[in-house]
Amino acid sequence: MLDIRFVRDNLEMVKQAMQDLQALDVPLDAALALDDERRKVLTELETLRARRNTDSRRIGQLLREGQHEAAATLKAELAALPNGIAALEERLAQIDPALRDAWLRIPNLPLPQVPVGKDESENIVTRVEGQPRAFDFSPRPHWEIGEALGILDFERGVKLVGIDVQALDHPLGTKLADHGPGPSHPHLNDEYFAETGRNIKDDFKYWEPAHKIMMGAGIPGIENIGGDVDLVTGKR
């Protein structure tokens, strides 16, 4: 993720890099606007907090000096501060996730030596490690090899699935997305996006995909078969 101070100091260079990457829809301006607002809100919030602390001490001092009227006036003024502080804290809590989300959607800058091209067809090979393997026959895709070996039968299709573990598909991974009972660790959604650049719900579309897809197609599953899968494969 780009450092916001670097972006502010090199804004034109960053904008040019986004054009070179054809990333014209990145929320760069929105992120900068949110950061500006965050700075302003945070400054106001810290000012009010500092005034609250200062005025609280001042009220105590006035009371000790017997200036009860002045203390009461200052206390009345101080009573309005919590509402202002709460409003600013609420706005800050809205800005922070929106700013992080916008910032995560801005790609890193390419190195200066990387050539600009319209797509991957204009990539330039700079180094080759080893030699591509040459075959004295025409390689076949795995589904053709599976049929030739008799281990795949697409015409018959799958009638039933048996596994030797305790769950057909455990929801450990899918529980991160916002479906089923909901995410168990919501903060991991942001971390997932930061690491992959992808929305977790795009990669984990279902709460339990094997149950959803297989059983939705009328294919039952048997769990905890143990080590006997081979004994029952292909049999009624």
Inset, instruction - Report the full-extension gain for the segment ARG64 to LYS205: residue separation times 0.36 nm, less the Cα-Cα distance, to one decimal in nm. - result: 44.2 nm
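Magnitude of the Cβ-charge dipole of the chain, K/R +1 and D/E -1, about the Cα centre, nearest 20 debye? Could you put the intermediate results ahead of the total?
Details: 29 positive and 40 negative charges, 156 e Å.
Rounded to the nearest 20 debye, it is 760 debye.
Under the rule of -39500 (n - 2.57) per DSSP H run of 4 or more residues, summed and divided by the residues of the chain, what mean residue ellipticity at 222 nm is obtained, to the nearest 500 deg cm²/dmol?
Numbers: 9 runs with 115 residues, N = 236.
Calculated from helices alone, the mean residue ellipticity at 222 nm is -15500 deg cm²/dmol.
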Inset, instruction - Positive end of the charge dipole of the chain (Lys, Arg +1 and Asp, Glu -1 on Cβ, about the Cα centre): tell me which of ILE213, THR196, ILE145 has its Cα farthest that way. - result: THR196
Inset, instruction - List HIS68, HIS211 from most exposed to least, where exposure is judged by having the fewest other Cβ atoms within 10 Å. - result: HIS68, HIS211
Legend entry - Loop-resident sites, the range 33-105, for GluC sites (Glu not before Pro), counting at most 10 other Cβ within 10 Å (DSSP): GLU65
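Regarding the chain, what's the average projected area of the Cα-atom convex hull, expressed in nm²?
Convex hull of Cα atoms, orientation-averaged projection: 25.3 nm².
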Inset, instruction - Any chance you could run the full-extension gain for LYS212 through GLU120? It's 0.36 nm times the residue separation minus the Cα-Cα distance, nm to one decimal. - result: 29.5 nm
Legend entry - Under 12 Å from LYS15, Cα to Cα: aspartates and glutamates that are on another chain or at least 8 residues apart: ASP25, ASP29
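To one decimal place, what orientation-averaged projected area in nm² is obtained for the convex hull of the Cα set of the range 4-111? Numbers along the way, then the final one.
Numbers: hull surface 33.6 nm².
Over every viewing direction, the Cα hull of the range 4-111 projects on average to 8.4 nm².
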Legend entry - Formal net charge of residues neighbouring MET13 (Cβ-Cβ distance under 14 Å; K, R +1; D, E -1): -1
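Since every read-out is calculated from the coordinates, none of them should be taken as a lab result. The model shown is predicted, which means the values in this text are computed figures rather than measured ones. In this analysis, Cβ positions are derived from the backbone assuming ideal geometry, glycine residues included, and neighbour counts consider all displayed protein chains.
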